[in-house]
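A.B. asks: Handing you this structure, nothing more for now.
The values are calculated or read from the model by the stated rules, or taken from the named source; none is laboratory data. Just so it is clear, the model here is predicted, and its values are computed rather than measured. Positions of Cβ are backbone-derived with ideal geometry, glycine not excepted, and every protein chain shown enters the neighbour counts.
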């Protein structure tokens, strides 16, 4: 009896303090730890951890509840991504999930979030259809989408550009080219896509596709450009080796991760659009990210997907605070229209499709580099207000 009284007293005290019996907040991070996008995945994971740390002032707790991150490897396989997400929701009882890296995996995961009625915050998968025709109300995305890439890219092109598109033959590549076409129309550009070349994701020999693009462009008036939409090891240097300048053709690679852009020294002066480059945003969060990342990763600055991971981490913490917990319906209500700070500045989840509206950056590849990561000059920040993104979902 004495023991029971003691237990009841302890329970009463715990209830009064509100600290004990507070369930952990379980978050699944489903990402491609193995496979060709492993570099992207590692960056996202590092950024996510730093985002959770920053948003909780280093406590890794929200509303008195400890954040527990459960990692799942999607292995660059859509069927595995679908399975491990179902396991996270069903077996691990996570409150929400973040990921994945690969757009095809994301598309496989969307119905799972709807089935379990749990939020999936997509980062960094890009295909438009994720927040377009395949979307459901449980899906939010901090990552930029193909249209945001395309509109920003189209704003950097000469008005008379004649363009051949090179893309990988899956959702990311095809959505990207489709978005680029629509973007040119949306910004009333006179630039035109005259050829589309889709190749398998694992392509390493670009001789034949390059020749087809050269043939399509070489007699065209105006500025001739090969624009590249690519995930993984970017083929720009292999295309450069095939001497497109023989036909007055320039390459427009678009932004990429730092180790890839480091190989672009011969493209000095080329302009494009990028989601993030560590030296561009001027705000407190980005200053912290750059300084802390350099401390923790042998002096290397944060990359493209590190910033995205951090944005996702901050968004989750801010949403839980605003919702007052992890109830899915309250989270959805809190997140629709929610603005939050990121290393890129303010993002806002659009109510209609939960896509994060955000700035992009026009860059110029530097001719003179002060160090190995001093790669780009900022031409201008392209604000979200200049990036029209059609609402494509059917809900």
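A.B. asks: Condition (residue is under 26 Å from residue 307 (Cα atoms) and free of Cβ contacts under 8 Å to residues at least 60 places away in the same chain) applied to region 225-233: is it met by at least one residue?
C.D. replies: Looking through region 225-233, none of the residues is under 26 Å from residue 307 (Cα atoms) and free of Cβ contacts under 8 Å to residues at least 60 places away in the same chain.
A.B. asks: Another one. With out of contact with any helix residue (DSSP H, G or I) (no Cβ under 8 Å at 6 or more places or on another chain), assigned by TED's automatic domain parsing to the domain that holds residue 309 and either modelled with pLDDT of 60 or more or surrounded by 19 or more Cβ atoms within 10 Å (Cβ to Cβ) (or both) as the only criterion, which of 18, 64, 47, 51 stands out? Explain how you work it out, then say what you get.
C.D. replies: Numbers: 18 fails: either modelled with pLDDT of 60 or more or surrounded by 19 or more Cβ atoms within 10 Å (Cβ to Cβ) (or both); 47 fails: out of contact with any helix residue (DSSP H, G or I) (no Cβ under 8 Å at 6 or more places or on another chain); 51 fails: out of contact with any helix residue (DSSP H, G or I) (no Cβ under 8 Å at 6 or more places or on another chain).
From the options 18, 64, 47, 51, the qualifying one is 64.
A.B. asks: Out of 113, 167, 81, 88, report the one residue that is more than 15 Å from the chain's Cα centre (by Cα), closer than 20 Å to residue 253 by Cβ and surrounded by 22 or more Cβ atoms within 10 Å (Cβ to Cβ).
C.D. replies: Result of the check over 113, 167, 81, 88: 167.
A.B. asks: Pick out, from region 103-179, the strands (runs of 3 or more DSSP E) lying fully within it that include 1 or more residues that are farther than 30 Å from residue 90 by Cα and touching a helix residue (DSSP H, G or I) at 6+ places or on another chain (Cβ under 9 Å).
C.D. replies: Here the list reads 162-168.
A.B. asks: Limited to region 247-282, what total is found for residues that are in a strand (DSSP E or B) and within 17 Å of the chain's Cα centre (by Cα)?
C.D. replies: Initial filter on region 247-282 (in a strand (DSSP E or B)): 249-252, 271-274.
The next check asks that each one be within 17 Å of the chain's Cα centre (by Cα); those that pass are 273-274.
The total comes to 2.
A.B. asks: Evaluate the following for residue 193: is it in the same structural domain as residue 180 (by TED's automatic domain parsing) and out of contact with any strand residue (DSSP E or B) (no Cβ under 8 Å at 6 or more places or on another chain)?
C.D. replies: Spelling it out, it is not the case that residue 193 is in the same structural domain as residue 180 (by TED's automatic domain parsing) and out of contact with any strand residue (DSSP E or B) (no Cβ under 8 Å at 6 or more places or on another chain).
A.B. asks: Within region 24-41, is there a residue that is out of contact with any helix residue (DSSP H, G or I) (no Cβ under 9 Å at 6 or more places or on another chain), surrounded by fewer than 18 Cβ atoms within 10 Å (Cβ to Cβ) and either under 21 Å from residue 315 (Cβ atoms) or not assigned by TED's automatic domain parsing to the domain that holds residue 333 (or both)?
C.D. replies: Yes, because at least one residue in region 24-41 is out of contact with any helix residue (DSSP H, G or I) (no Cβ under 9 Å at 6 or more places or on another chain), surrounded by fewer than 18 Cβ atoms within 10 Å (Cβ to Cβ) and either under 21 Å from residue 315 (Cβ atoms) or not assigned by TED's automatic domain parsing to the domain that holds residue 333 (or both).
A.B. asks: Sticking with this structure for a sec: Could you grab me the full set of residues in region 170-183 that are buried (at least 21 other Cβ atoms within 10 Å of the Cβ) and free of Cβ contacts under 8 Å to residues at least 40 places away in the same chain?
C.D. replies: Of everything in region 170-183, just one residue is buried (at least 21 other Cβ atoms within 10 Å of the Cβ) and free of Cβ contacts under 8 Å to residues at least 40 places away in the same chain, namely 183.
A.B. asks: Looking only at region 180-208, filter to residues that are more than 28 Å from the chain's Cα centre (by Cα) and not in a loop (DSSP other than H, G, I, E, B); which one of those is nearest to residue 387 (Cα to Cα)?
C.D. replies: Step by step, filter region 180-208, then rank; the result is 194.
A.B. asks: Quick one: would you say residue 209 is crowded, with 16+ Cβ neighbours inside 10 Å and either without any contact (Cβ under 8 Å) to a residue 12 or more places away in the chain or within 26 Å of residue 101 (Cα to Cα) (or both)?
C.D. replies: Criteria not met by residue 209.
A.B. asks: So residue 57 clears everything in (1) in contact with a helix residue (DSSP H, G or I) (Cβ under 9 Å, 6 or more places away or on another chain); (2) closer than 18 Å to residue 311 by Cβ except one condition, right? Which one?
C.D. replies: (1)
A.B. asks: I would also like to ask the following. From the list 233, 227, which one is within 20 Å of residue 266 (Cβ to Cβ), at pLDDT below 95, in a loop (DSSP other than H, G, I, E, B) and not assigned by TED's automatic domain parsing to the domain that holds residue 77?
C.D. replies: Residue meeting the stated conditions: 233.
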